[in-house]
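The values are calculated or read from the model by the stated rules, or taken from the named source; none is laboratory data. For clarity, every value in this text was computed on a predicted model and none was experimentally measured. FYI the Cβ positions are ideal-geometry reconstructions off the backbone, even for glycines, and counts take in every protein chain you see. Ligands, DNA and RNA are excluded from the accessible area calculation, which covers all protein heavy atoms including side chains. Shrake-Rupley method; radii C 1.70, N 1.55, O 1.52, S 1.80 Å.
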Amino acid sequence: MAAAAAAAAAAADHILKSGDVSTMIRQGFLSSPMSPARISPAASPPPPASHSFSSSSPPPPLPPPTTTTTTTTTTTTTTLFDMIAEEERYRHQQTPAIRALPAPSGSQKRTRLQARVAAILAGGKYPDGGAGDVELTVSSGDGFRVSLTVHRSVLAAHSRFFAEKLAGAPAGAAHAVEICDCDDAVVYVEAVALMYCHQPRQKLAGETISKVLALLKVSAAILFDAGVAACLEHLESAPWTEDEEEKVVAALRQLRLPQPASEVLVRVSVDPGVPSRSEGVFLRLLSGVLQAKDDKARREMKNLISGLLQEDDHHPHRRSSAEVSKETFYQLCHQCLNSLLVCLSEAADAEDGGRDRGTLMAEISREADNMLWIVDLLVRKNVGEEFVWLWADQMELAKLHSKIPSMYRFEISRVTAQLCVAVGRGQILVSREAKSSLLRTWLEALYEDFGWMRRASRTFDKKLVEDGLCQTILTLPMPQQQAILLDWFDRFLNKGDDCPDIQKAFQIWWRRAFVRQYVGAEDNSQLQVALCMYPT
C-alpha cells in the first residue's frame with residue numbers, strides 16, 4: 001500500500017510538471033482549486049439552486065436536448081487532485097502492461113471520452129482571462145457526463161439559445177446550466193470550445209466531414225450562427241467522397257438552413273431554372289466516342305458510358321427527369337450505317353485504284369464495332385424494335401458485304417448475331433414479318449462469316465449466338481422454319497464447325513412437324529346438325 005501511494009504521488013507530480021493541467025487552468029477551461037470544474041463520468045446532482053427552469057427546445061429542425069439552468073452563489077465539485085488522478089489513470093491504461101488486463105468496455109469508453117474532452121479544453125482560449133461564471137454540464141443518453149466552467153458573456157454573445165436561457169438571471173451570480181440526453185456530449189463541448197475561437201473556420205481545418213456535420217447540427221440546435229457559418233464554409237471547400245456526399249446532402253436537407261447552405265450543395269445540384277441539356281450532352285458524348293481516333297481510348301470510354309447507363313438502370317429512382325430520346329439513339333444509328341456503307345463501297349472498288357485496302361478494312365472493323373455498341377444501348381434502353389426493321393432493309397449494304405472477303409467483313413455479321421440473341425431472349429419483341437425480313441437479308445452472310453467470327457473475335461460467344469438463332473427461327477411460321485432448317489442441314493453437313501450448330505431448333509421443328517402435330521381444335525360441342533329437304 002505504501003508503494004502504491006508513493007507511485008501515485010510520483011505520477012501526480014509528473015502530471016503537474018508536464019504542465020497539461022496548469023495550461024488548462026491558465027486558459028480558463030479549468031478553474032483554480034478554489035473554484036474547480038469537474039469532468040466526471042458519473043452523474044452528480046446540481047448544486048443547491050435558488051431557482052431553476054427547464055428550457056424549451058429551439059425551433060426545428062434539430063431541437064437541443066433538455067437544459068436546466070440554475071443560479072447560485074456557491075459551487076460544489078471535486079478537487080483538482082481528483083482531476084489529476086483521473087488523467088493519470090488514463091495514462092496508465094495506454095501502457096502495454098495495462099492493456100493486457102483491459103478494463104470493462106464501458107470504462108474504456110468513458111476514459112477515451114474524458115481524454116477527448118481534456119484535449120478540447122486544453123486548446124480553448126478565454127478572452128482577457130478571468131474565471132468563468134457558468135458551470136456547464138452536458139450528459140448523454142449512455143450516462144456519460146462532463147462539466148466545465150465557461151463564461152456567461154461568451155455563451156450569450158455567440159448562442160441565441162443560451163442568451164435566452166441566461167436572460168433575466170442576476171448579474172454577478174454564478175450559474176449552472178445542464179444539457180441532458182444529447183446524442184454526443186463531446187460534440188457539445190467542442191461546439192462551446194469553438195465559441196472561444198476568433199477564427200472558427202481555421203479551427204475546423206483537418207477535421208473529417210462527419211465531425212463537421214456533427215458540429216453543424218449542434219451549432220444549429222443551440223443557434224450558434226458563427227459555428228454554423230464556419231461549418232458550412234468548411235463543407236463548401238472540402239472534398240467529399242461519394243458516401244460523404246450523401247451524408248452532407250441528407251444533413252443539409254434535414255436542417256433546412258438559410259441561403260448559405262445552397263452554396264454547399266451547388267456542386268451536386270442542378271439549377272432548376274436552367275433547362276436540361278442532357279439530350280445534347282449525350283449526343284455529343286456518343287458522337288465523340290464513335291469518331292475517336294485512338295482505339296484504346298475509344299474502348300475505355302465505351303465501357304465507361306455503358307457502365308454509367310447500366311448504373312442508371314439499376315437505380316431508376318436516381319434517374320434524371322430528362323430522358324434521352326429514342327430519336328437521339330437512331331440518329332447515331334444512321335450515322336454508323338452511312339459510314340459502313342461508304343467504307344464497303346470503297347472496299348468493293350479498292351482494286352480500281354482507291355484507298356489502301358488495309359486502311360479501309362480497319363475502318364470497316366471500327367464502324368462495325370461502333371454499330372455493335374449502339375445496338376447494345378438500344379437493347380438496354382428497350383428501343384431496339386425499329387432497328388430490326390432498319391437492319392433488315394439494308395439491301396445495298398448486304399450486297400456490298402457479299403463482295404468483300406470474310407476476313408475483312410465478318411464483324412458486320414456480328415450485328416445480325418447480336419439481334420438474334422436479343423430476339424431469342426425476348427429483349428426485342430417484333431412481328432414475324434420483321435424477323436423473316438431480317439433473316440432473309442442477313443442469314444446467308446451470318447452463315448458465311450460464322451467461322452471467322454468464332455476464330456477471330458475474342459468476345460464472340462458461340463453458344464449464345466446459336467441459342468439466339470434457334471429461338472428466333474422457332475418463332476417463325478412452320479413453313480419458314482422448315483425452309484430455313486433444311487437449308488441449314490445441307491450447309492452444316494458441308495461446313496461443320498464453320499456453320500452455326502442449331503440442332504436444337506431442328507429437333508423441335510421435327511417434333512412439331514411429325515411427332516406432335518397440331519392440326520387445329522376439334523369440334524367438341526356435341527351439336528347435331530340435321531339437313532331437311534322441304535318440297536317447293
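Highest first, please rank the peptides 154-165, 193-204, 281-292 by the mean number of other Cβ atoms sitting within 10 Å of their residues.
Values: 154-165: 19.6, 193-204: 17.9, 281-292: 15.7.
For the peptides 154-165, 193-204, 281-292, the packing ranking is 154-165, 193-204, 281-292.
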Check your understanding: Expressed in nm to one decimal, what extension gain is obtained for the pair residue 386 and residue 153 from 0.36 nm per residue of sequence separation less their Cα-Cα distance?
Key -> 76.4 nm
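Can you tell me how much longer the chain between residue 254 and residue 278 gets when fully stretched, taken as 0.36 nm per residue apart minus their C-alpha distance, in nm with one decimal?
Numbers: separation 24, 0.36 × 24 = 8.64 nm, distance 2.87 nm.
Computed gain between residue 254 and residue 278 is 5.8 nm.
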Revision key, fill the gap. For the range 416-491, averaging the sequence separation of alpha carbon pairs under 8 Å that lie six or more residues apart and dividing by its residue count, the contact order in percent is 47
Revision key, fill the gap. Taking the alpha-carbon centre of each part, the distance from the range 367-386 to the range 285-305 in Å is 15
Exercise for review: Mind giving me the FRET efficiency for residue 242 and residue 513? R0 is 56 Å, r the Cβ-Cβ distance, nearest 0.05 is fine.
Suggested key: 0.45
Check your understanding: What FRET efficiency comes out for the pair residue 265/residue 205, r = Cβ-Cβ distance, R0 = 25 Å, nearest 0.05?
Key -> 0.70
Review point. Considering amide H positions built from the backbone, and no H for Pro or chain starts, which residues 5 or more places from residue 179, or on another chain, come under 5 Å of its amide H?
Key: 68, 137, 138, 139
Study note, to complete from the structure: Once both label points are put 7 Å beyond Cα along the C-beta direction, the residue 362-residue 310 separation in nm becomes 2.9
Point to revise | Mean accessible surface per residue for the range 381-464, computed with a 1.4 Å probe while every protein chain stays in place, in Å² | key: 48
Check your understanding: With labels modelled as points extended 7 Å from the Cα through the Cβ direction, what inter-label distance (nm, one decimal) is found for residue 341 paired with residue 325?
Key -> 2.2
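Just subtract the alpha-carbon distance of residue 229 and residue 429 from 0.36 nm times their residue separation and send over the number in nm, one decimal. All intermediate terms of the calculation are to be shown ahead of the outcome.
On the way: separation 200, 0.36 × 200 = 72.00 nm, distance 5.71 nm.
In short, 66.3 nm is gained.
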Check your understanding: Within the accessible area of the range 377-440, what % is carbon and sulfur when the probe is 1.4 Å and the other protein chains stay in place?
Key -> 48
